[in-house]
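Asks: Quick one: structure below, then a few questions.
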Amino acid sequence: MSETTRRIRASSGLARPIAVDGPARVIALCDGYLDLDLSRFPDVVRGVGDDLAIADGQDLNDMSISVNAFLLELPGRLVLVDAGDSNRRGDSLGHLPRALKAAGYEPEDITDLLLTHLHGDHAAGLVKGSETLFPKATLYVSAAEQAFWNNPARLDELQSVQLPFAQAAMQLYADRLVTIHPGEEVLPGVTVRALPGHTPGQVGFQMGDRNPLLISADVLHLPALQVRFPDWGFLFDADRPRSRAMRHEILAETARTGLRLAGAHIPFPGVIRVVQGPEGLGFRTAEDEV
Ligand SMILES: [Zn+2]
């Protein structure tokens with residue numbers, strides 16, 4: 001764990017409520033921090049945007065991105081959106097069970113698990129050893145995401161690394177796995193949105209009417225730079241051109257409508273609002289309270 005990770009974690013806490021109108025109460029949960037180096041962002045031009053990164057608390061020489069999950073309290077249901085990375089990489093990640101406890105709950109209390117996609121930092125936390133961590137929860141995964149991981153011969157080398165986590169999730173939850181599709185209201189007041197690119201079946205979950213919130217999965221991995229430079233992709237995007245197009249589309253919608261973006265890798269508690277940037281320079285993060 002880097003000093004940066006240590007410093008950020010010390011100041012952030014593990015569970016933080018997010019204001020949403022409508023039936024859901026939303027709590028951001030911190031699974032921890034993932035140390036990365038800039039090789040994961042092959043489009044980044046060093047020297048361009050370093051000041052933005054510093055202003056956002058990100059040290060490009062010693063990077064550490066959040067891994068967040070989101071808890072939705074709905075009448076009669078407790079819903080977890082993504083499940084973190086587990087502690088497979090050591091103690092900088094895998095804090096989701098502690099974060100859940102900090103919010104007043106245990107894994108047995110979760111009734112529904114909404115997965116944005118099945119990469120390890122979202123799905124590995126579903127499983128503990130060879131058992132499910134959430135014994136009573138139904139797992140919801142998009143049809144396109146299941147199809148992607150059920151066809152291992154078509155995965156490239158980078159995606160193949162993630163296959164065991166996707167397979168473990170689908171196999172261990174097979175008797176309570178529900179297939180979802182974009183456009184559906186998966187739970188009362190929670191709508192599925194297609195966000196293909198990072199994986200072909202990636203989805204987000206939108207809720208709220210007057211001040212809506214989109215849990216936008218991995219549209220952004222490094223908001224400090226990708227909000228201003230949406231063309232800058234992430235190495236593990238399964239389809240980088242499509243991911244880039246999706247990032248532009250979502251950021252433009254957000255700037256136009258005021259939609260708030262929650263994300264697994266947006267600095268904890270993982271919510272931003274963006275506005276149009278200076279001419280020709282993408283977008284910028286709004287300063288107001290989200
Ligand atoms: Zn991720």
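Taken together, the values in this text are just the output of simple stated rules run on the coordinates, not laboratory data. Only a predicted model underlies this, so the values are computations on that prediction, with no experimental measurement involved. As a convention, Cβ positions derive from the backbone with ideal geometry for all residues, glycine included, and neighbour counts pool all protein chains shown.
Asks: Please list, ordered by chain and number, the residues whose modelled amide H lies under 5 Å from the amide H of Leu36; skip anything fewer than 5 residues away on the same chain.
Replies: For Leu36, the qualifying residues are Met63, Ser64, Ile65.
Asks: Please arrange Ser66, Ser142 by counting, for each residue, the other beta carbons lying within 10 Å of its beta carbon, fewest first. Intermediate results must be reported in sequence, preceding the final value.
Replies: Working: Ser66 24, Ser142 28.
Starting with the residue having the fewest Cβ neighbours, the order is Ser66, Ser142.
Asks: Next up: In whole Å and largest first, what semi-axes does the C-alpha gyration tensor of the range 15-57 yield when each eigenvalue is scaled by 5 and square-rooted?
Replies: Values: eigenvalues 207, 39, 21 Å².
So the three semi-axes of the range 15-57 are 32, 14, 10 Å.
Asks: Where the centre of each part is set by its Cα atoms, how far does the range 216-265 sit from the range 145-193, in angstrom?
Replies: Comparing the Cα centres of the range 216-265 and the range 145-193, I get a distance of 21 Å.
Asks: With θ set to phi - 60° and the Karplus curve 6.51 cos²θ - 1.76 cosθ + 1.60, what are the ³J(HN,Hα) couplings of the range 72-84 in order, to the nearest whole Hz, using x for Gly and Pro?
Replies: Running phi through 6.51 cos²θ - 1.76 cosθ + 1.60 with θ = phi - 60° gives 10, 8, 10, x, x, 9, 10, 10, 10, 9, 6, 10, x Hz.
Asks: Among Arg210, Arg228, which comes first, then next, by fewest other beta-carbon atoms within 10 Å?
Replies: Values: Arg210 8, Arg228 21.
Placing the least packed residue first, the sequence is Arg210, Arg228.
Asks: While we're on this one: If amide H atoms are built 1.01 Å from N in the plane of the peptide, which residues on other chains or at least 5 residues away come under 5 Å of the amide H of Leu78?
Replies: For Leu78, whose amide H was placed from the backbone, the distant partners under 5 Å are Thr111, Asp112.
Asks: Kirkwood Rh over Cα pairs of the range 3-285 into Stokes-Einstein at 20 °C, 1.002 mPa s: D in µm²/s?
Replies: Values: Rh = 18.7 Å.
For these conditions, the coefficient is 115 µm²/s.
Asks: If you plug each phi of the range 178-190 into the Karplus form 6.51 cos²θ - 1.76 cosθ + 1.60 with θ = phi - 60°, what whole-Hz ³J(HN,Hα) values come out, in order, with x for Gly and Pro?
Replies: Result, ordered by residue: 10, 8, 10, 9, x, x, 6, 8, 6, 9, x, x, 10 Hz.
Asks: What is the distance, in nm, between label points placed 7 Å from the Cα along the Cα-to-Cβ direction at Asn211 and at Arg89?
Replies: Result: 3.3 nm between the two label points.
Asks: Under 5 Å between amide hydrogens, which residues at least 5 positions from Lys128 or on another chain qualify, with H placed 1.01 Å from N in the peptide plane?
Replies: Leu133
Asks: A further question on this structure: Tally Lys/Arg at +1 and Asp/Glu at -1 over every other residue whose Cβ is under 13 Å from the Cβ of Ala255; what's the total?
Replies: Values: positive: Arg228, Arg247, Arg256, Arg260, Arg273, Arg284; negative: Glu249, Glu253.
Local charge sum for Ala255: +4.
Asks: May I ask which residue of Tyr140, Phe236, Ser130 lies farthest towards the positive end of the charge dipole of the range 90-248, with charges of +1 (Lys, Arg) and -1 (Asp, Glu) on Cβ and the Cα centre as origin?
Replies: Phe236
Asks: Could you list Glu157, Glu249, Glu73, Glu106 so that the one with the fewest beta carbons within 10 Å of its beta carbon is first and the one with the most is last?
Replies: Values: Glu157 6, Glu249 14, Glu73 17, Glu106 11.
So the residues, fewest neighbours to most, are Glu157, Glu106, Glu249, Glu73.
Asks: Mind checking the log10 I(q)/I(0) for the range 174-288 at q = 0.13, 0.24 Å⁻¹? Debye, one equal scatterer per Cα, no solvent, two decimals.
Replies: Result of the Debye calculation: -0.48, -1.46.
Asks: Tabulate in residue order the Karplus-calculated ³J(HN,Hα) for the range 231-238, using 6.51 cos²θ - 1.76 cosθ + 1.60 with θ = phi - 60°, rounded to whole Hz; enter x for Gly and Pro.
Replies: 6, 7, x, 10, 3, 8, 5, 4
Asks: To continue, here is another question. Please build a GNM for the chain, connecting alpha carbons under 10 Å apart, and tell me which residue among Ala264, Ala69, Ala103 fluctuates the most.
Replies: Ala103
Asks: Pick from Gly201, Gly277, Gly125: which residue has the top mean-square fluctuation in a GNM of the chain where Cα pairs under 10 Å get a spring?
Replies: Maximum among the listed residues: Gly277.
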